Amino acid sequence: MNDTRQLGEQPSRPITIAVLAMGGQGGGVLVDWIVQLAENNGYIAQSTSVPGVAQRTGATIYYIELLAQRHAEAQGRQPVLALMPVPGEVDIVVTSELMEAGRAMVRGLVTPDRTTLITSNHRDYATVEKVVPGNGIADAQAVFEAAARHAHRFIHADMQALARESGSVISAVLFGALAGCGELPFGVSAFEDTVRQAGVGVDASLRALRAGFQAAQAPVRAEAPPDPMHTEPRPLPARAASPAVEPLRARIGREFPAPAHAMLGEGLQRVVEFQDVAYGTEYLDRLADLWPHLQRSCDAERGHVALVEAARWVAVAMAYDDVIRVADLKVRAERLQRLRREVGAAESEVVGATEFFHPRLEEVCGLMPRTWAERLDRSPFWRGTLQRWIGDGKRVRTHSVRGHLMLHALAALRRWRRASLRHEIEMAHLEGWLREVKALMAQDPSLGLELIRCRRLVKGYSDTHARGSSKFDRLMQAARELAGRPTAGSDLAALRTAALADPQGQQLQQRLGLLGLTTVS
């Protein structure tokens with residue numbers, strides 16, 4: 001490896017640094033620190049920035065060039081520094097998130113003969129990853145492998161986690177990692193002095209800087225962090241936190257096999273938190289009714305797998321997303337605390353958020369009892385009035401008294417949820433699915449298991465829920481048509497994969513045609 005301390009020694013070659021950061025991550029602060037650091041230590045510094053069009057659709061690219069003042073004085077003239085990074089001519093690339101490191105490599109900013117790549121390996125998922133019905137998360141391992149090939153040095157750690165532990169923001173940790181990599185001709189004390197001169201959040205920023213410094217000094221791991229989509233449920237506790245839930249926890253131990261206890265515990269927690277303890281009883285009743293069918297149809301191992309899958313997806317089906325749920329999540333204290341951490345707000349500062357609600361007419365009617373909803377549906381006047389009020393969505397400012405009370409009022413409708421039309425529809429859909437599962441399990445256990453897994457398609461609310469439910473209903477129909485075929489289970493699994501591949505359902509239509517099943521326009 002070349003002596004990295006030679007950066008800045010050549011009169012005709014400035015030190016070149018590119019910083020890629022998203023909105024709210026303090027990229028501008030990091031660049032200001034780097035510029036101040038250089039100027040404090042006898043360097044001429046110039047920084048520029050090109051902002052992305054929006055958060056997670058394009059990070060801001062900051063570019064910095066540093067040239068020792070002594071080189072300019074020796075030549076008797078001021079240097080002309082570049083305004084944008086040039087592929088192949090960047091010494092250090094600093095990115096605030098793993099996929100931004102990937103984008104830096106795609107742009108040609110990272111080269112094996114020159115560039116030190118410093119990145120946080122946590123993920124902030126892009127819109128294109130979130131809109132995919134299934135798992136749209138990009139492959140992190142591919143970025144790690146590319147960085148190992150294309151960077152002269154590759155330094156990574158979970159800088160976001162270090163920032164949280166330090167009570168600061170990620171920019172301070174990245175500044176510390178820049179000090180720890182040893183590429184710049186400045187000691188760590190110079191970095192610390194720069195933070196002190198800034199005079200804002202000094203103690204927390206210094207803690208974060210030192211954490212980043214230590215992370216850069218530690219041996220670099222070759223492997224990627226664990227896939228966040230592959231998590232194991234927590235073991236069933238020895239005792240429930242609430243006395244009211246303890247009888248349900250004990251029931252899991254009595255009535256169900258041990259391999260399913262962890263998932264049943266997670267599912268129970270989800271539905272109780274969604275509604276109440278009585279709803280948790282309904283959850284276990286449904287699974288207790290299903291379990292004998294699985295025992296009769298499957299061997300022990302497959303029966304346990306089917307029960308675990310059913311415990312997962314019945315809980316998801318019962319804890320469906322509605323306007324009440326969305327409002328409840330948005331007014332929770334832990335969410336406000338997370339927002340405050342993300343923006344680095346002090347305790348005395350007011351943090352506001354504008355929430356965007358865009359429910360369809362069906363979601364609003366779904367909050368009402370069936371008789372009210374049907375009466376409204378028959379009235380063109382009230383339908384039109386409600387449609388105009390919803391319009392293109394509502395923007396609710398949660399930091400205002402009116403906005404906060406509005407969300408609290410919506411969340412309070414939870415106590416009447418069971419009387420709503422939406423709940424009636426969801427429970428009827430759930431029961432229809434379970435009846436189909438029981439019937440198919442008796443004919444073909446592999447097909448029944450795959451139909452249980454198909455419930456993954458139904459999620460979200462409004463248009464997202466409508467699209468997912470439509471695909472799910474189509475797969476239920478396909479399961480009936482596939483029954484009796486030797487490859488029915490694998491065929492339904494392939495259809496589910498196709499349905500999860502794109503929001504429009506084009507791949508599902510193609511796969512249905514290939515299998516000779518009924519397609520829908």
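The values are calculated or read from the model by the stated rules, or taken from the named source; none is laboratory data. Computed from a prediction, not measured in an experiment: that's the story for all the values here. Ideal geometry is used to build each Cβ from the backbone, glycine not excepted, and the neighbour counts take in all protein chains shown. Side chains are part of the model used for accessible areas, which takes the heavy atoms of the whole protein and leaves out ligands, DNA and RNA. Shrake-Rupley method; radii C 1.70, N 1.55, O 1.52, S 1.80 Å.
Of everything listed in (1) hydroxyl-bearing (Ser, Thr, Tyr); (2) under 20 Å from THR60 (Cα atoms); (3) in a loop (DSSP other than H, G, I, E, B), the single unmet condition for SER171 is (3). Within region 187-206, residues that are surrounded by 13 or more Cβ atoms within 10 Å (Cβ to Cβ) reach partners that are at pLDDT below 90 and in a loop (DSSP other than H, G, I, E, B) with beta carbons closer than 7 Å, at six or more positions or on different chains, in the pairs GLY201/SER168; ALA204/GLY167; ALA204/SER168; SER205/SER168. Assess whether GLY88 counts as being at pLDDT 90 or above and assigned to a loop (DSSP other than H, G, I, E, B). Spelling it out, GLY88 is indeed at pLDDT 90 or above and assigned to a loop (DSSP other than H, G, I, E, B).
Sub-8 Å Cβ pairs linking a first residue in region 310-325 that is more than 16 Å from ARG418 (Cα to Cα) and open to solvent by 10 Å² or more (accessible area, probe 1.4 Å) to a second residue that is assigned to a helix (DSSP H, G or I) and small (Gly, Ala, Ser), at least 6 apart or interchain, are ARG312/GLY267, ordered by first then second residue.
Select, from ARG286, ARG239, the only residue that is at pLDDT 95 or above and either surrounded by fewer than 19 Cβ atoms within 10 Å (Cβ to Cβ) or basic (Lys, Arg) (or both). Don't jump to the end; show me each part of the working.
Details: ARG239 fails: at pLDDT 95 or above.
Testing whether each residue is at pLDDT 95 or above and either surrounded by fewer than 19 Cβ atoms within 10 Å (Cβ to Cβ) or basic (Lys, Arg) (or both) leaves just ARG286.
Answer yes or no: is there a residue in region 162-170 that is open to solvent by 70 Å² or more (accessible area, probe 1.4 Å) and either free of Cβ contacts under 8 Å to residues at least 40 places away in the same chain or within 25 Å of GLY26 (Cα to Cα) (or both). Yes; the residues of region 162-170 include at least one that is open to solvent by 70 Å² or more (accessible area, probe 1.4 Å) and either free of Cβ contacts under 8 Å to residues at least 40 places away in the same chain or within 25 Å of GLY26 (Cα to Cα) (or both). Just name the residue that is modelled with the lowest pLDDT out of those in region 102-150 that are open to solvent by less than 20 Å² (accessible area, probe 1.4 Å) and among the polar types (S, T, N, Q). Residue satisfying both the conditions and the ranking: ASN121.
Taking region 441-488 as the range and being basic (Lys, Arg) and modelled with pLDDT of 90 or more as the test, the residues that pass are ARG453, ARG455, ARG456, LYS471, ARG474, ARG480, ARG485.
In summary, helices (runs of 4 or more DSSP H) completely within region 444-521 and bearing 2 or more residues that are among the hydroxyl-bearing types (Ser, Thr, Tyr) and closer than 30 Å to GLY366 by Cα occur at 463-482. Taking the condition surrounded by fewer than 21 Cβ atoms within 10 Å (Cβ to Cβ) and charged (D, E, K, R), does ASP91 pass? No, not satisfied. Considering each residue of region 229-239 in turn, at least one proves to be touching a residue at least 60 places away in the same chain (Cβ under 8 Å), of a type outside the set (S, T, N, Q) and either outside any helix (DSSP H, G or I) or touching a helix residue (DSSP H, G or I) at 6+ places or on another chain (Cβ under 7 Å) (or both).
Would region 331-341 turn up any residue that is within 19 Å of the chain's Cα centre (by Cα), at pLDDT 90 or above and in a helix (DSSP H, G or I)? For region 331-341, residues within 19 Å of the chain's Cα centre (by Cα), at pLDDT 90 or above and in a helix (DSSP H, G or I): absent. Taking the criterion of being open to solvent by 70 Å² or more (accessible area, probe 1.4 Å) and either small (Gly, Ala, Ser) or within 21 Å of GLU362 (Cα to Cα) (or both), the residues of region 415-440 that qualify are ARG415, TRP416, ARG418, GLU424, ILE425.
Those residues that are outside any helix (DSSP H, G or I) and either in contact with a Phe, Trp or Tyr (Cβ under 7 Å, 6 or more places away or on another chain) or touching a residue at least 60 places away in the same chain (Cβ under 8 Å) (or both), I need them from region 27-44; list them, please.
Here is the first cut: in region 27-44, the ones outside any helix (DSSP H, G or I) are 41-44.
Across region 27-44, the qualifying residue is only ASN41.
Taken as a whole, region 406-414 holds no residue that is surrounded by 15 or more Cβ atoms within 10 Å (Cβ to Cβ), at pLDDT below 90 and under 13 Å from TYR320 (Cα atoms).
Let's see how each residue does on (1) closer than 30 Å to GLN295 by Cα; (2) out of contact with any Leu (no Cβ under 8 Å at 6 or more places or on another chain); (3) open to solvent by 50 Å² or more (accessible area, probe 1.4 Å):
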residue: ALA442; (1), (2), (3): yes, yes, yes
residue: GLU450; (1), (2), (3): yes, no, no
residue: LYS459; (1), (2), (3): yes, yes, yes
residue: ASP473; (1), (2), (3): yes, yes, yes
residue: MET476; (1), (2), (3): yes, no, no
residue: GLY484; (1), (2), (3): yes, yes, yes
residue: LEU495; (1), (2), (3): yes, no, no
residue: LEU508; (1), (2), (3): no, no, no
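Would you say HIS261 is open to solvent by 40 Å² or more (accessible area, probe 1.4 Å) and either part of a helix (DSSP H, G or I) or touching a residue at least 40 places away in the same chain (Cβ under 8 Å) (or both)? No: the conditions fail for HIS261. Restricting attention to region 19-66 and to residues that are in contact with a Ser or Thr (Cβ under 7 Å, 6 or more places away or on another chain) and at positive phi, the residue that is modelled with the highest pLDDT turns out to be GLY26.
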